[in-house]
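In what follows, a structure is listed as structure tokens, so that the remarks can point back to it.
Values in this text are rule-based calculations from the coordinates and carry no lab data. Fair warning: this is a prediction, and the values are worked out from it, not measured in the lab. Positions of Cβ are backbone-derived with ideal geometry, glycine not excepted, and every protein chain shown enters the neighbour counts.
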Amino acid sequence: MAARKIIIDTDPGQDDAVAILLALASPAELEVLGITAVAGNVPLALTAKNARIICELAGKPDTKVFAGCDAPLTRKLVTAEHVHGKTGLDGPQLPAPQMPLQEQHAVDFIIDTLRAEDAGAVTLCALGPLTNIATALQRAPDIAPKIAEIVLMGGAYFEVGNITPTAEFNIYVDPEAAAVVFKCGTPLTVMPLDVTHKALTTAPRVQAFRDMGTEPGRMVAEWTDFFERFDKEKYGSEGAPLHDPCVIAWLLQPGLFSGRKVNVEIETQSALTLGMTVADWWGVTDRAENALFIGDVDAEGFFALLTERIGRF
């Protein structure tokens, strides 16, 4: 069976980095056509740099990396250095990337790729704010029916918010972009905090990466050591959620996850609940289903997959 063609849209971010490594370690199942950087966890210059650092760490310097939108559609950029550090990949010391950034804008790459490929051939994997993807859909509405699926990390419902009382960070940064994506008619699979908060980096799980004795294994362990301090203090948990790798794990082993198809609307008006993903989990409205909203994961299976794949480098 041919590898599934994907574009990874991302704002690295330590957990984004682990997700990218997971994808690049799985070439039999996933063909990474390109990585598109967006402003989010840190500003665009850093996310574009970090994406290239990760590709070089994986030994994949031929991966195409494109810089995209440097601000949300209509709002000022909110970043998350308080979680990821000033570089977005704080923790271990990392060399500056040698591989070039592609000249083409990320949005143009997304549009051109989808137009060139057969309908249903390309899956978009969104690990950050949805600005690049929404901009592409606005500029080229004809691409929506060509997208096989959009699998995104974002939102929350029962787990509530992590940047405001009701909003998850990726959606909150650009709620207008999220609204465009959730209304576009493309099949959506959503990895909200409800599921990612069940994929926790316990001490034995982190040690498994460190015990690999490889540079990628060491980096994953050190990245986790850095960013889990915030979540441990915030939630009182034994580790930190590995949010973004859930997107890639879904493509590799969907049987690890469970959820249900529901309607999800994005709040863009309320000052109190801006960026909330309002999921009609119980079907109490007549709004049409527009997303597969994931609610649970086999955490042991998830980390077994992650450890096996990172161990391939």
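Arranged from fewest to most other beta-carbon atoms within 10 Å of their beta carbon, THR36, THR166 become THR166, THR36. Against the compact-protein benchmark of 2.2 N^0.38 Å, the Cα-based radius of gyration of the chain scales to 0.91. For the pair the range 21-68 and the range 100-135, the centres of their Cα atoms are 13 angstrom apart. Within the listed set HIS82, HIS197, HIS105, the residue fluctuating most in the Gaussian network model of the chain (springs between alpha-carbon atoms under 10 angstrom) is HIS82. Remark on ALA240: its backbone amide H falls under 5 Å from those of THR201, a criterion applied only to residues 5 or more positions apart or on other chains, H modelled at 1.01 Å from N. Which residues among the range 259-288 fall inside the zone where the amide N is under 16 Å from a point 7 Å beyond the Cα of THR164, along Cα→Cβ? Inside the label zone: 265-279.
Determine the alpha carbon to alpha carbon distance for each of LYS5/LYS261; LYS146/LYS261; LYS49/LYS146; LYS60/LYS261; LYS64/LYS86 and list only those over 32 Å. Cα-Cα > 32 Å for LYS60/LYS261; rest within. Over the range 27-83, the hull volume per residue, using the convex hull of the C-alpha atoms, is 104 Å³. Phi angles across the range 197-203 convert, under the Karplus curve 6.51 cos²θ - 1.76 cosθ + 1.60 with θ = phi - 60°, into 3J(HN,Hα) values of 6, 9, 10, 9, 7, 6, 4 Hz, Gly and Pro given as x.
Residues within the reach of a label modelled at ALA45 (point 7 angstrom out along Cα to beta-carbon, backbone nitrogen below 16 Å), restricted to the range 83-98, are 86-89, 96-97. Fully extending the segment from VAL284 to ASP62 would add 75.0 nm, taking 0.36 nm per residue of separation and subtracting the current Cα-Cα distance. Select from the range 254-313 those trypsin sites (Lys or Arg not before Pro) which occupy a DSSP coil region and have at most 16 other Cβ atoms within 10 Å, ordered by residue number. Those satisfying the criteria are ARG287, ARG312.
Remark: VAL32, VAL220, VAL151 ranked as VAL32, VAL151, VAL220, counting other beta-carbon atoms within 10 Å and listing the fewest first.
Here the 3J(HN,Hα) profile of the range 126-139, calculated from phi with Karplus coefficients 6.51, -1.76 and 1.60 at θ = phi - 60°, is 9, 10, x, x, 8, 4, 4, 5, 5, 4, 4, 5, 6, 6 Hz, Gly and Pro shown as x.
Here the range 148-187 is described by how far its Cα atoms reach on the three principal axes: 32, 19, 12 Å, from widest to narrowest. For the chain, adding -39500 (n - 2.57) for each run of n ≥ 4 DSSP H residues and dividing by the number of residues yields -10500 deg cm²/dmol at 222 nm.
In this simple spin-label model, placing a label point 7 Å from the Cα along the Cα-to-Cβ direction at both ALA2 and ASP118 gives a separation of 0.5 nm. For the range 77-91, 3J(HN,Hα) computed residue by residue from phi via the Karplus equation (6.51, -1.76, 1.60; θ = phi - 60°) reads 5, 10, 10, 9, 4, 5, 9, 9, x, 5, 8, x, 10, 4, x Hz, glycine and proline entered as x. Given a cut-off of 15 Å, what percent of all Cα-Cα pairs of the range 54-136 lie beyond it? Tail fraction, whole percent: 70. Near THR74: Cβ cut-off under 9 Å, other residues only, Lys/Arg at +1 and Asp/Glu at -1. The net charge is -1. Taking amide H as placed 1.01 Å from N in the peptide plane, ALA71 has its amide H under 5 Å from the amide H of ALA39, each at least 5 places away in sequence or on another chain.
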